[in-house]
Amino acid sequence: MSSLLTYASEQPLVPGTLARVPLGRREVTGLVWDADFAALDAAASEPVPEGEERAPLVLRPVIEALDALPPLPADWRALVEFTARYYQRSLGEVALAVLPPELRKLDNTGLAKRIKKKRDHLIPEAAGEPAQRPSLTPEQAAAMDTLAAWAAAPAPPPTLLFGVTGSGKTEVYLRLAEQALAAGKQALVLVPEINLTPQLEQRFAARFPGRRLVSLHSALTPAQRLQHWLSAHLGEADLVLGTRLAVFASLPRLGLIVVDEEHDPSYKQQDGARYSARDLAVYRGHLARVPVLLGSATPSLETWSHAQTGRYKQVTLTERVGRGALPAVRLLDMATVPRPAPRSPPQALAPQLVDAIQKRVARGEQTLLFLNRRGFAPVLHCPACTWKSGCPHCSSFRVFHKGERILRCHHCGTQEPVPRACPDCGNLDIEPMGRGTERLEEQVAELLPGARVLRIDADTTRAKGTLESQLASVHAGDVDVLVGTQMVTKGHDFRRVTLVAAVNPDSALFAADFRAPERLFALLMQAGGRAGRDADIARGSEMWVQTYNPGHALFEALKKHDFAAFATTQLAERESAGLPPYSHLALLRAEAKTEDVAEAFLRAARDLAKSYPESADVMFYAPVPPSVAKVAGFERRQMLIECASRATLQRLLALFTPELPALKNAHRGIVRWAIDVDPLGI
Ligand code: ADP
Ligand code: ZN
Ligand code: ZN
């Protein structure tokens, strides 16, 4: 697990200092770690076999200590150590991966210049008028009293802020940040998506003029990222807003951590060290003894159950601010909707829904149509033979993108122009099957002539700045109907939306992943949360769900906006099935040219793990293919490892994962393996 190397240095080096060192023939940047000299002594005093001489312990010297940069503090190092240990990665990998890449390219002089240049650029900023602070609602005020009291405790407890969408959670974050700043501390605010940072940044910047605020996320240029990171590390930035990687920002005066939309799956890193930024935020708060606030209208079941058992504290906001109303939920039974022809698929939108949208358009109100599938159609097919637009490299279909006239695989990225005729039989009439947002946009425009329709998804927002301008046109009222993927369902404070419709949410009801219902419920609650935010037009705001399963318990709970009821039934199911949070999981994944090799590797890993007595209470499932089994030409298999005790599972993982690299070498044909602790999406 460890990747510590030892070098000689004439001066003592402070742990947390960056240093240029030789590695083989290269020169690399490393980080001075808390030295364990006992290990060196032990190596030197080991008995030497008779007839051999002790090899002298020769250490290569450090080339240069990058001491222009203040050392990374002890609590940061402790966080990195914990991450490496818990997620079964090497210390060096984690430590260097979470630092800005630019940092590794500089020598001490370069670094000193960067820091000086930064300092010269600091303007003694004109402190404008802070944006008006609304007076808190009674609920917010009560929440603040409670939170402020807990925050002042010597070891503040992690707290769930459970508040319906639009209940003013962000105002609570602002007030807590205000208190932290007033006490001379830094506040760290995490958001799930890059596209939510600009609006939050605006709200914080308006409230705290004259305070230094920086963002940290992967869309920054390398130079910006270094600059923002330095601001945080040097203690100049008072507020750091960012996505999951920001949980590793070095903050010498840390006083508050907020995790907004804490349930969001994007807090989990999906490659390298597969960490959960939400869970690490809680750990970091514990290390630094600072309050951690987890905000959500639909908390993760893990967090919810911690709040129920008292491990986390909880404060609740039950009402929307300013008489805004949660939309009435209408379930539209698609089985009863007339079809254009007896055997044809139903239209994208039921006639009743089209009617409801038309009324909104006439009143100048907005509608949001939510469909979690981009592209025109997920498959192109030939009705004359059996040809479908399968991907040659993956066990999936290539998606038809009409505007670009291409077929693209969303798993491996392979794309090609749409064929003029069926590649198998030459038929000229190949047809799209199913529907993505691009097709929905087209159909909505046909069904509602004259309505201004805008689509927002990953395809329309690829160019820098387009998302901002598209959102601005929604806010400006230049859009009647907004069509989008989950990208538009989260966080946005759309004031004129009074109708939200989930066009086709059913597939998630029957997904194999045990978290699929939790995720669907959160997504629908969040989507519904975009409607009825303005009290003047909130009356009559609605959320429609087009479904073939109107009797499903999930929809029943949605109708009542009853997260607690939903969570209670879900948790009961999880408990009886022995699933998280009542058990702990790790997933071992393997990729190989053939499935046999991948499975053999996983079985061998299981046998290896079972050779340790620690495995007695650990359950190993049979290797299975994930939902998309073959990607970019490689077969994927995964094996679930489950244990009621987190500590036991951790002990076992720490014993056998270090042996997996050797096991990989023994299994020729394994391309990649990875261990995922607390996996999401299994
Ligand atoms: P949430 O984060 O819970 O979705 P927000 O904090 O975005 O809710 O609040 C919803 C809306 O209500 C925002 O437009 C916000 O400016 C406004 N708001 C929040 N708190 C108050 C308050 N105490 N008085 C007036 N308006 C408020
Ligand atoms: Zn054909
Ligand atoms: Zn592919």
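Starting at the first residue of segment 444-450, write each ³J(HN,Hα) from the Karplus equation 6.51 cos²θ - 1.76 cosθ + 1.60 with θ = phi - 60°, in whole Hz, x for Gly and Pro.
Along segment 444-450, the couplings run 5, 4, 6, 6, 10, x, x Hz.
Considering only protein heavy atoms and a probe of 1.4 Å, how much of the accessible area of segment 69-180 is carbon and sulfur, as a whole percent?
Exposed carbon and sulfur together represent 58 percent of the surface.
Short version: what are the Cα gyration tensor semi-axes of segment 132-183, square root of 5 times each eigenvalue, largest first, in whole Å?
18, 14, 9
Return one whole number: the accessible area per residue of segment 330-455 in Å², for a 1.4 Å probe.
Using a 1.4 Å probe on heavy atoms only, each residue of segment 330-455 averages 51 Å².
Rg and Dmax of segment 103-261, Cα atoms, in Å?
Computed over the Cα atoms of segment 103-261, radius of gyration and Dmax are 16.5, 55 Å.
Would you mind counting up the charge near Glu27? Only other residues with Cβ under 15 Å from its Cβ, with Lys and Arg at +1 and Asp and Glu at -1.
+4
Please list, in chain and number order, the residues 5+ apart from His381 or on another chain whose amide H is under 5 Å from its amide H, with Hs placed from the backbone.
Counting only residues 5 or more places away or on other chains, the set is Glu431, Met433.
What is the chain's relative contact order, in percent, from Cα pairs under 8 angstrom and six or more apart in sequence?
12 percent
Checking the a/c ratio against 1.5 first, then a/b against b/c, what shape does the Cα gyration tensor give for segment 212-260?
Oblate, because a/c is 1.5 or more while a/b does not exceed b/c.
Once you treat every alpha carbon in the chain as an equal point and sum by Debye, what is log10 I(q)/I(0) at q = 0.08, 0.09 Å⁻¹?
Each listed q maps to, in turn, -0.72, -0.91.
So if I take the centroid of the Cα atoms in segment 439-503 and the same for segment 216-275, what is the distance between those two points in Å?
About 29 Å separates the Cα centre of segment 439-503 from the one of segment 216-275.
Under Stokes-Einstein, with the Kirkwood radius over Cα pairs standing in for Rh, what whole-number D in µm²/s applies to segment 412-511 at 10 °C and 1.306 mPa s?
98 µm²/s
What pairs from Lys118/Lys268; Lys464/Lys490; Lys490/Lys559; Lys313/Lys559 go past 23 Å between their alpha carbons?
Distance filter (> 23 Å) returns Lys118/Lys268; Lys313/Lys559.
Report, by chain and number, residues whose modeled amide H sits under 5 Å from the one on Phe397, excluding near sequence neighbours (fewer than 5 apart, same chain).
Cys391
What is the ratio of the Cα radius of gyration of segment 394-455 to 2.2 N^0.38 Å, with N the residue count, to two decimals?
1.33
Provide, for q = 0.11, 0.17, 0.21, 0.26 Å⁻¹, the log10 of I(q)/I(0) from a solvent-free Debye sum over equal Cα point scatterers in segment 230-314.
After summing over all Cα pairs, the log10 values are -0.31, -0.72, -1.05, -1.39.
For the chain, what is the calculated [θ] at 222 nm in deg cm²/dmol (nearest 500), taking -39500 (n - 2.57) for each run of four or more DSSP H residues and dividing by its residue count?
Per the formula, -10000 deg cm²/dmol.
Once the Cα atoms of segment 236-278 are picked out, what are the Rg and Dmax in Å?
Answer for segment 236-278, Rg first and Dmax second: 11.3, 31 Å.
Please compute one quarter of the surface area of the Cα convex hull for segment 291-359 and express it in square nanometres.
Mean orientational projected area (segment 291-359, Cα hull): 8.7 nm².
Can you pull the three principal axis extents for the Cα set of segment 530-657, in Å, largest first?
On the principal axes, segment 530-657 reaches 65, 37, 27 Å in Cα extent.
Find the accessible area per residue for segment 564-682; the probe is 1.4 Å, ligands and nucleic acids are left out, and the unit is Å².
46 Å²
With no solvent and one point per C-alpha, what does the Debye sum give as log10 I(q)/I(0) for segment 604-682 at q = 0.12, 0.13, 0.26 Å⁻¹?
Once normalised to I(0) and log-transformed, intensities are -0.36, -0.43, -1.44.
Express the Stokes-Einstein translational diffusion coefficient of segment 151-221 in µm² s⁻¹, to the nearest whole number, given a Kirkwood radius over alpha-carbon pairs, 37 °C and a viscosity of 0.692 mPa s.
237 µm²/s
Treating only the Cβ of Lys, Arg, Asp and Glu as charged (+1, +1, -1, -1), what charge dipole size does the chain show about its Cα centre? Round to the nearest 20 debye.
Rounded to the nearest 20 debye, it is 1180 debye.
Angle check, please: helix 646-656 long axis (alpha carbons) against the longest principal axis of the chain (alpha carbons), in degrees 0 to 90, nearest 10.
It works out to around 60 degrees.
Hey, which lysines would be in cross-link range of Lys388, C-alpha to C-alpha under 25 Å, not counting anything within fewer than 8 residues on its own chain?
Straight-line reach from Lys388, under 25 Å: Lys402, Lys593, Lys630.
Kindly report, to the nearest 10 Å², the accessible surface of His401 as traced by a 1.4 Å probe over protein heavy atoms only.
Per-residue accessible area (His401): approximately 0 Å².
If you roll a 1.4 Å probe over the heavy atoms of the protein chains, what accessible area per residue do you get for segment 188-242, in Å²?
With all protein chains present, segment 188-242 gives 32 Å² per residue.
Need one value: the accessible area of Arg589 in square angstrom, 1.4 angstrom probe, rounded to the nearest 10.
60 Å²
Which of the peptides 203-212, 163-172 is most tightly packed, and how do the rest follow, going by the mean number of other Cβ atoms within 10 Å of each residue?
Final packing ranking: 163-172, 203-212.
For Glu446, what accessible area in Å² do you get when you roll a 1.4 Å probe over the heavy atoms of the protein chains, rounding to the nearest 10?
Ignoring ligands and nucleic acids, Glu446 comes out at about 130 Å².
Please give, to one decimal in nm, the separation of the simple spin-label points placed at Asp271 and Arg26, each 7 Å out from Cα toward the Cβ.
Label at Asp271, label at Arg26, 1.7 nm between them.
Could you list which residues have their amide H under 5 Å from that of Asp264, counting only those 5 or more apart in sequence or on another chain, with H placed in the peptide plane?
Those lying under 5 Å, H to H, from Asp264: there are none.
If packing is taken as the mean number of other Cβ atoms within 10 Å per residue, what is the order of 403-411, 474-482, 529-537, highest first?
The peptides rank, most packed first, as 529-537, 474-482, 403-411.
With a point put 7 Å past each Cα toward its Cβ, work out how far Arg104 is from Asn427 in nm, to one decimal.
It is 5.2 nm.
What is the percent carbon and sulfur in the accessible area of segment 506-592, measuring with a 1.4 Å probe over the protein chains and ignoring ligands?
For segment 506-592, the apolar C and S fraction of the accessible surface comes to 54 percent.
Can you tell me the Rg and the Dmax, both Å, for the Cα atoms in segment 311-436?
Over segment 311-436's Cα set, Rg and Dmax evaluate to 21.0, 65 Å.
Can you give the extra length, in nm with one decimal, that the chain gains between Glu81 and Thr6 once fully stretched, where that is 0.36 nm per residue apart less the Cα-Cα distance?
25.3 nm
The values are calculated or read from the model by the stated rules, or taken from the named source; none is laboratory data. Because the structure is predicted, anything quoted here is derived from the model rather than measured. Glycine gets a Cβ as well: all are built from the backbone with ideal geometry, and neighbour counts include every protein chain shown. Only protein heavy atoms, including side chains, enter the accessible area calculation; ligands, DNA and RNA are left aside. Shrake-Rupley method; radii C 1.70, N 1.55, O 1.52, S 1.80 Å.
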